[in-house]
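Written out below as C-alpha cells is the structure these notes cover.
The values are calculated or read from the model by the stated rules, or taken from the named source; none is laboratory data. Remember, predicted model here, so these are calculated numbers, not experimental data. A quick note on method: Cβ atoms are made from the backbone with ideal geometry, for glycine too, and the neighbour counts reach across all protein chains shown.
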Amino acid sequence: MDLVEKYLKRSIPSIDSYSSVEAALEIMSEKGSHVLFVYEDGKFSEVIGGNDLAGYPPTRIVADCRVRPFNVVGIDEPLDAIFLKISDNYHNFTVVVDAEGVPAGIIDYNLLIVDLIKSRQCFKSFLPSTSADAPDGFLTEGIAIDEIIKKVTELEKFAQLGNLFLGLTHDLNNILSAIVGYSELALSENKSEDGAVLNKKLDTRIKNILATVINCNRLLSNISSLAKSSKDLENELIDIDELIDAVIELFSASLTQSRIIIEKNYDSIAGKKRNFVRGNKAKMMNVFSNMIVNSKDAIKADGKIFIKSRNINIENQRENKFGFKVNPGEYIEVSLSDTGEGIPENNMNRLFTPFYTTKVAGTGVGLVNIKATLENMGGFAEVENGCEGNGACFKVYFPICFT
C-alpha cells in the first residue's frame, strides 16, 4: 500500500447531519479535532471543519451549513497519483475511503507535500520553470527545499490558529446577543408609559453600546466571510467598492496604530460606473487583505495608502510579464499604491513565485493565492513602482458582470 500510515489522520470523530452546530463544536473540542465526518441516514455524506461552522447559530443543524467541496481518493492509490489529483484543490479536505466507500481518515496534506518536495516529485506543480539541473537542496535558484518545508510548517500553524479563532466566533456572537438584549431592555425601561425618555444621558450611552456591538458583530461577520471559501460561493454577485470598504474596516485599528491613512477614490464614468463582478467573496477579500498588509509592511509607520477603482476597456489579447493571460473586455481596475520604498526591480519578476518572499516572517504564498483567485475569475494583475505615493503600485483587474 503506497498510502503510508503517517499521511493518514484516522482519529476523525463522526456526527449525524441533523445534529446541531453546538454539538459539532463540542465534539471537536472534546476530541481535539478540527474536522468531523458527517453521516446522513447511516451513510458518509461529507467532511466539515470548524471554520465551515463559523457564523451559524448554535442551534442550526449541520446539514444546513455550507461546506467546502472535498477530494476523495482510494486507500490503495499511489502517492504521486493522489498528489496530482488534489494539488489544484489542496485547500479542500481529502478523504481517504476504502473499497466500500467508508472513510478511513483524511490526508495530512502538509506531511505529504514535504516528502514530495524532498523527493522533487512536485517540481512542475509548484514551480513550472524549475530546472532539473538545480543544485542539491534547491528547487530552483535561490529557493531552498528546507526553506519551503519550513514555510509549509508555518502555514499549518496559521491554519490551526485560524480554526481556533473561528471556533470561538459562536461564543462571541452569543455574548454580543446578550449585550444587545439587555441594552434594548434598558432602553425600554428608561421610558415612561407614554414613550418619553426619562434619562437622556443614559439613553445616549445605551445607544452607544448598541452601536459598538453592531460594529463588533460586523467585524466578526467579515472575518467569518474571509474564512468561508466554499465552492458554492464561487458565483456570488459582488460590489467591489463595498467589499473594499469591508476589508479596510478589518484593518482600521492596526492602520490607525501605525499612523497610516487610507485615501479612497472610487471613480465613475458619467455616474454610471459598473461595480459588480462574480466570484468568491472570501477569496476576493483575501486578495485585498494581502494587498493592504503588503503596503502596511512596506510603509512601517507614518504614511498613506491610496486605493482607487475604475472601469477600463482592454482591446488586445496578450500575456504580461507575471504570466497572466489578458483577454479583451471590460474590467474593474483596483489599484493600491503606498508611500513605502517600492519593490527593487530585480525582485519584480519573482513576485508571484511560490514561497518567494523578502519578509523575515513571510511565507511566500500571499501573491500566489492572489494570482490563483484572479486567474479563476478571468482577471489579472500588474505591478509597478512610482505611482501615487512613489512606492509600489499593485493593480488587479476583474471582469465586469453585466447581469
Cβ-Cβ under 6 Å pairs, at least 6 apart or on other chains, segment 241-260 side under 30 Å from Tyr331 (Cβ atoms), far side part of a helix (DSSP H, G or I) and of a type in the set (Ser, Thr, Tyr): Val247/Ser289
Every pair of residues 6+ apart whose Cβ atoms lie under 6 Å, when the first sits in segment 329-340 and is outside the structural domain of Asn275 (by TED's automatic domain parsing) and touching a residue at least 24 places away in the same chain (Cβ under 8 Å) while the second is of a type outside the set (Ser, Thr, Tyr) and part of a strand (DSSP E or B): none
Condition met for Phe93 (of a type in the set (Phe, Trp, Tyr) and at pLDDT below 85): yes
Scope segment 57-79; condition assigned to a strand (DSSP E or B) and out of contact with any Gly (no Cβ under 9 Å at 6 or more places or on another chain); matching residues: Ile61, Asn71, Val73, Gly74
Long-range neighbours under 6 Å by Cβ, at least six apart or interchain, first residue closer than 20 Å to Asn265 by Cβ within segment 292-321, second among the basic types (Lys, Arg) and at pLDDT 85 or above: Ile307/Lys264
Ala246 vs. criteria at pLDDT below 80 and part of a helix (DSSP H, G or I): no
Among (1) touching a helix residue (DSSP H, G or I) at 6+ places or on another chain (Cβ under 7 Å); (2) assigned to a helix (DSSP H, G or I); (3) closer than 18 Å to Val383 by Cβ; (4) not hydroxyl-bearing (Ser, Thr, Tyr) - the single one Gly340 does not satisfy: (2)
Residue that is surrounded by the most Cβ atoms within 10 Å (Cβ to Cβ) [pool: residues in segment 352-388 that are under 22 Å from Ile312 (Cα atoms) and modelled with pLDDT under 75]: Cys387
